1. Ignoring ligands, DNA and RNA, what accessible area per residue does the chain give at 1.4 Å, in Å²?
2. I'm checking a number: the convex hull volume of the Cα atoms of the chain, normalised per residue, in Å³. What is it?
3. Mind checking the angle between helix 59-68 and the chain's longest principal axis? C-alpha axes, 0 to 90 degrees, to the nearest 10.
4. Would you kindly state how much longer the chain becomes between Phe22 and Glu98 on full extension, computed as 0.36 nm times their sequence separation minus their alpha carbon distance, in nm to one decimal?
5. Suppose every K and R has +1 on its Cβ and every D and E has -1 on its Cβ; what is the size of the dipole of the chain about the Cα centre, in Debye to the nearest 20?
6. Mind computing the radius of gyration and Dmax over the alpha-carbon atoms of the range 11-73? Å is fine for both.
7. Leaving out ligands, DNA and RNA, what percent of the accessible area of the range 16-101 is carbon and sulfur, probe 1.4 Å?
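The values are calculated or read from the model by the stated rules, or taken from the named source; none is laboratory data. Being a predicted model, the structure only gives us computed values, none of them experimental. Neighbour counts run over all protein chains shown; Cβ positions are idealised from the backbone, glycine included. To get the accessible areas, we keep the full protein, side chains included, count just its heavy atoms, and leave off ligands, DNA and RNA. Shrake-Rupley method; radii C 1.70, N 1.55, O 1.52, S 1.80 Å.
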Amino acid sequence: MSLRNKVTLIGYTGKEVEMTNFENGNVKASVSLATSDHYTNAKGEKVEETQWHNLIAFGKTAEIFQKYVSKGKEIAVEGKLTYRSYDDKDGVKRYITEIRVDEILLLGGK
């Protein structure tokens, strides 16, 4: 994988993995991942900031997600940032940012 488009995240899944089966036999896994950052603001108060990321995986990586990853599981992922758009049912163009996962590491004891 090139360093030009590389993302590494460690966080907790926010929902159960959703699987999509394609006619050609390929599979896709989708799940959200929460990453949190802590800092102290100007008033000396601790602040937690959470970001949500959309993860997608295909093939063997998707099968690992399906078999071993459940809601609330701590995981580390490595992949690349991807963008796509689609028209919703009202004809409005929607944009999605996703992390296409190439590697996954299961963390935590759950």
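1. Values: 7810 Å² over 110 residues.
I get 71 Å² per residue for this part.
2. Values: hull volume 17.9 nm³, N = 110.
Per residue, the Cα convex hull of the chain comes to 163 Å³.
3. The angle comes out near 60 degrees.
4. The span from Phe22 to Glu98 would gain 25.5 nm if fully extended.
5. Roughly 120 debye for the chain.
6. Looking at the range 11-73, its Cα Rg and Dmax stand at 16.0, 57 Å.
7. 45 percent
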